[in-house]
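Read the structure below first, then the notes.
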Amino acid sequence: MISGKAKVCGIIGCPVEHSLSPLMHNFFARKMNMDLVYGPFRAEAGDVEAALKGAYALNIAGMNVTIPHKQSVIPWLKELDEGARFIGAVNTLVRTEGGYKGYNTDATGLLRAMREADLEIEGRDWLLFGAGGAAKAAAFVLGSRKAASVTILNRGEDRAKELAQVMNHKFQREFMTPLALEDYRKLPDRQWQALQTTSVGMAPQADRAVIEDKGFYACISQAMDAVYTPARTRFMEFVEEAGGRAVNGLDMLIYQGVDAFELWNPDRKVPGDVIREARERQKMKHVILTGFMGAGKTTVGELLARRLGCAFFDTDRLIEEEAGMSVSQIFETQGEEAFRGLETAILKKPWTQQEDWVLSVGGGLPMREENRKLLKSIGRVAYLRVRRDTVLQRLAGDTSRPLLLGGDVKGRVDSLLKVRGPLYENGADLVVDVDEKTPDAIVTELKKWLKLADI
């Protein structure tokens with residue numbers, strides 16, 4: 001229960017609606033039986049000073065800071081932690097006497113995640129992909145923990161050169177070297193550790209890696225990708241296929257949140273079992289249902305979303321809302337190929353990065369390889385497998401399905417199932433046979449798969 005004495009924290013940014021931080025911090029508070037509530041605070045670029053003064057006046061105990069305010073917030077702070085001062089970016093504010101103190105838990109969270117993954121830093125040779133804000137935090141961690149060498153690879157070599165100069169000056173040794181990404185073949189022949197800090201590998205670039213040359217990855221023995229969705233990025237695949245070990249950025253996300261939570265509550269530590277549960281919940285926050293028409297994706301999806309207490313989306317409905325016409329009308333006026341393009345576009349929209357949701361996708365959407373990769377990149381995919389006779393029984397008299405209009409419906413269903421079935425199965429993390437099962441039984445099976453049967 002939230003009382004009148006509740007500690008109030010939140011996140012300030014613009015946009016802020018997509019943030020996963022409220023989910024994480026309210027989960028920590030609930031599991032630790034703390035009277036604390038965390039919410040999103042949207043602040044436009046020109047309102048940072050007013051937002052901080054207002055938050056302080058309202059007794060807000062702490063805040064996370066996200067884009068575009070990680071640098072612009074600094075002039076309005078009472079104090080800066082040394083790491084945040086050097087990195088030049090703040091992502092956590094703690095209320096102090098007379099104002100807020102700024103910290104950067106991106107760096108401390110990364111260090112905890114690397115330790116969790118048994119990635120050695122001291123005395124090792126490192127590759128750092130990227131030269132942006134996340135790369136600067138990573139470079140600070142590598143430098144402070146005495147990496148033997150760090151080669152910074154970035155598309156713009158000037159930014160890599162600037163980052164290397166700053167770090168070499170900070171740590172008083174020439175251990176960081178810039179290199180244009182396209183010159184990766186010039187790297188010395190040795191075994192490297194690697195940190196990938198760019199957004200390459202996230203949707204809509206889920207099918208890409210920062211370097212596409214598979215042969216290159218033989219030089220990497222261990223790696224971490226800052227991307228955590230999808231759980232196994234193309235970069236990670238290349239490292240593992242070449243014989244190396246790779247982990248994703250989920251623990252970085254978790255630990256930067258843990259560090260912030262503990263800064264706001266210095267007398268409390270987030271227990272290990274709560275961190276582990278948070279990790280599992282993050283892995284299962286997006287559920288996608290695929291399958292043939294009549295499989296019950298919408299019915300099951302709506303019921304599952306209600307049981308999980310999250311949003312439900314249907315790609316056909318989303319497309320209809322955006323196009324201002326029904327699926328049948330789109331087929332009739334623009335053709336099937338145009339509709340398939342709209343399906344792909346929907347999967348690249350910002351809503352896919354929101355908090356928990358269940359998504360039902362049209363029966364033809366997974367036919368495109370690009371779409372199957374996109375689905376894998378944004379969530380966990382369950383294929384609801386249905387037999388022909390069940391389809392015919394459920395869709396008897398349904399005139400809203402463009403692909404079932406005309407004669408020989410039975411033959412058309414057989415033909416489509418033969419083509420689509422293997423693709424559905426190939427693109428799924430779970431296959432559920434739905435014939436003769438109630439929606440409630442299917443949802444129970446899905447919840448067990450998600451390890452959320454207690455919700």
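Per-structure values
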| item | result |
| --- | --- |
| Accessible area (Å², per residue) of the chain, counting only protein heavy atoms and a probe of 1.4 Å | 46 |
| Within the chain, longest stretch free of exposed GluC sites (Glu not before Pro) [DSSP loop, at most 15 other beta carbons within 10 Å] | 213-435 |
| Surface share of carbon and sulfur [accessible, 1.4 angstrom probe, percent] for the range 133-248 | 47 |
| Where chymotrypsin sites (Phe, Trp or Tyr not before Pro) fall in DSSP loop in the range 16-124, at most 16 other Cβ within 10 Å | none |
| Neighbourhood charge, 10 Å Cβ-Cβ cut-off, centred on G88 and excluding it, Lys, Arg +1 and Asp, Glu -1 | +3 |
| Carbon/sulfur fraction of accessible area - the range 267-379, other protein chains in place, 1.4 Å, % | 46 |
| Shape category assigned to the range 104-227 from the gyration tensor of Cα positions, a/c cut at 1.5 | rounded |
| Kirkwood Rh and Cα Rg combined as Rg over Rh, evaluated for the chain | 1.01 |
| Rounded to 5, percent antiparallel among DSSP beta bridges of the chain | 15 |
| Antiparallel bridge percentage (DSSP; both residues within the range 70-176; nearest 5) | 45 |
| Computed helical MRE - 222 nm, the chain, DSSP H runs ≥ 4 contributing -39500 (n - 2.57), nearest 500 | -12500 deg cm²/dmol |
| Gyration tensor verdict on the range 26-115 (Cα atoms; rounded if a/c is under 1.5, prolate if a/b is larger than b/c, oblate otherwise) | oblate |
| For the range 109-114, 3J(HN,Hα) per residue [Karplus equation, 6.51 cos²θ - 1.76 cosθ + 1.60, θ = phi - 60°, Hz, x = Gly/Pro] | x, 4, 4, 5, 5, 5 |
| Cα pair count fraction exceeding 17 Å, expressed as % - the range 214-315 | 67 |
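The values are calculated or read from the model by the stated rules, or taken from the named source; none is laboratory data. Quick caveat, the model's predicted, so the values are computed rather than measured. Neighbour counts run over all protein chains shown; Cβ positions are idealised from the backbone, glycine included. Each accessible area value is taken on the protein alone, full model and side chains, heavy atoms only, with ligands, DNA and RNA left out. Shrake-Rupley method; radii C 1.70, N 1.55, O 1.52, S 1.80 Å.
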